[in-house]
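Scroll down for the structure; my scribbles are underneath it.
The values are calculated or read from the model by the stated rules, or taken from the named source; none is laboratory data. Owing to the predicted nature of the structure, the values given are computational and were not obtained by experimental measurement. Remember, those area values only see protein heavy atoms, side chains included, never the ligands or the DNA or RNA. Shrake-Rupley method; radii C 1.70, N 1.55, O 1.52, S 1.80 Å.
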Amino acid sequence: MAGKSNNSPILEQYTQTKNKRLTMENSVQHFCPHLGLKSDPTTNFSFPSKGNVCFHAKGHPTPQLYFQRTTCLTDQHLNCPIFSSPPGVRLPANIIEPKEKTGNNPKIILWAILTPILISGIFLINANRLQLFNQIDRMFVPAWKNTQQALPLTLPPSPTLEVVPSLTVAPTVTFTATITATATSEPTQTLIPSLTLTSTRAPAVFELGTPIGKQGKFIIIRVLEGESIGQFAGRYNTTEEAIRTINYKLPSVLYPDWLVVVPLDLSDTTGLPSFQPIQVTTDGITLLELAQLLNMEAEEISRYNNMGPGHLLQQGEWILIPRYE
């Protein structure tokens, strides 16, 4: 019988028990004497169980539970196809209880290993993407720690256009005074004083804190330590919602040196775009040329800044660029 050398004490115990069972009267023996537990051949479950095995068959297989109930544990065990056969024969496959698959499923083990690796990889990828987005945001959106929020607009001077950035008015006023003294012995004396006045007037420059626009006016403010949107709304007779609506990418918390566009005496911003303030850093460019560089209509910029398309921009001047994104 297979496995006999490894289980010799159990088999010896089984042989002794079997001989005792075979000597009993048939009226008392109601179950197969070859049926026993894997660890104790002298004992068996009195009900169908996977713990019962056939010590008469090769390999000590477990009979099917149905076969145990109808044959092994009844008087019908005498009709078992191997009951009268020599020990060590094979039990027919159709009456052997299928063995439960033991061991770990390789696919389950593989997924158990890969799952934490995949989760860690996704976490790292998202962390790298967040860091990349922050770098891009710092590159293209001005940071609150910078002293200037808007990106400076640097343009090369036009070699064919010579612009005199100041307007000089030089009126000349001449006063002529004549003093005449008459005496019989004095000659006539004539005094002619001359007075010349010269005045110079520079064109207006839209600086921070200067109202911009014509009908609806706006003002650009650089935030100081401790200032808030609510303070600006009360100071310029508007609302916090209106200020947030017309500012392009306004953060939820204001930081010092941030530039804020505030509508003056205006709460309804329906139809208005959001604005981004830009400071001109080069002389000698018109509003029309700026609009062409920004791929915009000059009328859009002119409308909200109260400037004509031919307005000559000066270095240090602030203008509002409408954004419809």
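A few remarks follow.
- Accessible area of Ile109 (1.4 Å probe, protein heavy atoms only, ligands and nucleic acids ignored): about 80 Å².
- Residues Trp111, Trp318, ordered by accessible area of protein heavy atoms at a 1.4 angstrom probe radius and largest first, appear as Trp111, Trp318.
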